[in-house]
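Chemist: One structure coming up, written as structure tokens, with questions to follow.
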């Protein structure tokens, strides 16, 4: 079904809005996937906070123009589904990578983060990026370690004194 000019403008505006808010983007070729498989992919994307959309390439080029993902414009050829990470940088990569494991017809074509176009093979690197909560947890563990070590060190001084006094007591009792 052909879109009229107003509908095309609305699609471009919607995708441009998602691209402006996104932290990373993945474009994957979906040729050969069934409707049920695409529905499953969309459901997984929704659960992970990923904006997933199939858009004509000409409209997608207009939508990402002037965003961090303008570097993807030349690679937008063929039947592509665009996935934009809305919550954390690795979410779109994780969704596409996990889905592609079970569905060989889904092939990653473009990966972009921070205005840089990455090789499709680097989707693993992007997918392994920690979520916001995981990053905060790792930061807190790093910040907490020196304090814990200081507390253990300070606690060792009276502990050593107690062990020395106990050893002297035991020696006197034995004598």
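Chemist: Assess whether residue 62 counts as being surrounded by 20 or more Cβ atoms within 10 Å (Cβ to Cβ), touching a helix residue (DSSP H, G or I) at 6+ places or on another chain (Cβ under 9 Å) and touching a residue at least 12 places away in the same chain (Cβ under 8 Å).
Modeler: Spelling it out, it is not the case that residue 62 is surrounded by 20 or more Cβ atoms within 10 Å (Cβ to Cβ), touching a helix residue (DSSP H, G or I) at 6+ places or on another chain (Cβ under 9 Å) and touching a residue at least 12 places away in the same chain (Cβ under 8 Å).
Table: residues versus (1) surrounded by fewer than 18 Cβ atoms within 10 Å (Cβ to Cβ); (2) in a helix (DSSP H, G or I).
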residue: 6; (1), (2): yes, yes
residue: 9; (1), (2): yes, yes
residue: 12; (1), (2): no, yes
residue: 19; (1), (2): no, yes
residue: 25; (1), (2): no, no
residue: 28; (1), (2): no, no
residue: 31; (1), (2): yes, no
residue: 38; (1), (2): yes, yes
residue: 42; (1), (2): yes, yes
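Chemist: Only residues in the stretch 76-89 that are closer than 21 Å to residue 114 by Cα count as the first member; pair them with residues that are modelled with pLDDT under 85, Cβ under 8 angstrom, at least 6 apart or cross-chain, and list the lot.
Modeler: 87/131; 87/132; 88/129; 88/130; 88/131; 88/132; 89/126; 89/129
Chemist: Among 152, 109, 163, 94, which is in a helix (DSSP H, G or I) and in the same structural domain as residue 19 (by TED's automatic domain parsing)? Step through it out loud before you land on a result.
Modeler: Working: 152 fails: in the same structural domain as residue 19 (by TED's automatic domain parsing); 109 fails: in a helix (DSSP H, G or I); 163 fails: in the same structural domain as residue 19 (by TED's automatic domain parsing).
Only one candidate qualifies: 94.
Residue by residue, here is whether (1) surrounded by fewer than 16 Cβ atoms within 10 Å (Cβ to Cβ); (2) closer than 22 Å to residue 40 by Cβ holds:
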{"site": "78", "(1), (2)": "yes, yes"}
{"site": "84", "(1), (2)": "no, yes"}
{"site": "88", "(1), (2)": "no, yes"}
{"site": "95", "(1), (2)": "no, yes"}
{"site": "102", "(1), (2)": "yes, yes"}
{"site": "111", "(1), (2)": "no, yes"}
{"site": "116", "(1), (2)": "yes, no"}
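Chemist: Taking the residues in the stretch 44-59 that are under 16 Å from the mean Cα position of the chain (by Cα) and outside any loop (DSSP other than H, G, I, E, B) as candidates, determine which candidate is surrounded by the fewest Cβ atoms within 10 Å (Cβ to Cβ).
Modeler: 47
Chemist: Within the group 93, 43, which residue is under 29 Å from residue 130 (Cβ atoms) and touching a residue at least 12 places away in the same chain (Cβ under 8 Å)?
Modeler: Going through 93, 43 in turn, the sole match is 93.
Chemist: Free of Cβ contacts under 8 Å to residues at least 40 places away in the same chain and either assigned to a helix (DSSP H, G or I) or more than 30 Å from residue 29 (Cβ to Cβ) (or both): does that describe residue 126?
Modeler: Considered against the rule, which asks whether it is free of Cβ contacts under 8 Å to residues at least 40 places away in the same chain and either assigned to a helix (DSSP H, G or I) or more than 30 Å from residue 29 (Cβ to Cβ) (or both), residue 126 comes out as no.
Chemist: Taking the conditions exactly as written (at pLDDT below 85 and under 17 Å from the mean Cα position of the chain (by Cα)), does residue 115 satisfy them or not?
Modeler: Judged against the criteria, residue 115 is a match.
Chemist: With 126, 139, 161, 150 as the choices, which residue is surrounded by 10 or more Cβ atoms within 10 Å (Cβ to Cβ), more than 22 Å from residue 79 (Cα to Cα) and touching a strand residue (DSSP E or B) at 6+ places or on another chain (Cβ under 7 Å)? Outline the logic, then answer.
Modeler: Values: 139 fails: touching a strand residue (DSSP E or B) at 6+ places or on another chain (Cβ under 7 Å); 161 fails: touching a strand residue (DSSP E or B) at 6+ places or on another chain (Cβ under 7 Å); 150 fails: touching a strand residue (DSSP E or B) at 6+ places or on another chain (Cβ under 7 Å).
Criteria check complete, one pass: 126.
Chemist: To continue, here is another question. Can you say whether residue 27 is touching a strand residue (DSSP E or B) at 6+ places or on another chain (Cβ under 9 Å) and either assigned by TED's automatic domain parsing to the domain that holds residue 62 or closer than 22 Å to residue 124 by Cβ (or both), as far as the supplied structure shows?
Modeler: It is true that residue 27 is touching a strand residue (DSSP E or B) at 6+ places or on another chain (Cβ under 9 Å) and either assigned by TED's automatic domain parsing to the domain that holds residue 62 or closer than 22 Å to residue 124 by Cβ (or both).
The values are calculated or read from the model by the stated rules, or taken from the named source; none is laboratory data. Values in this document were obtained by computation on a predicted structure and should not be read as measured data. Heads up, the Cβs are rebuilt from the backbone with ideal geometry, glycines too, and the neighbour counts pull from every protein chain shown.
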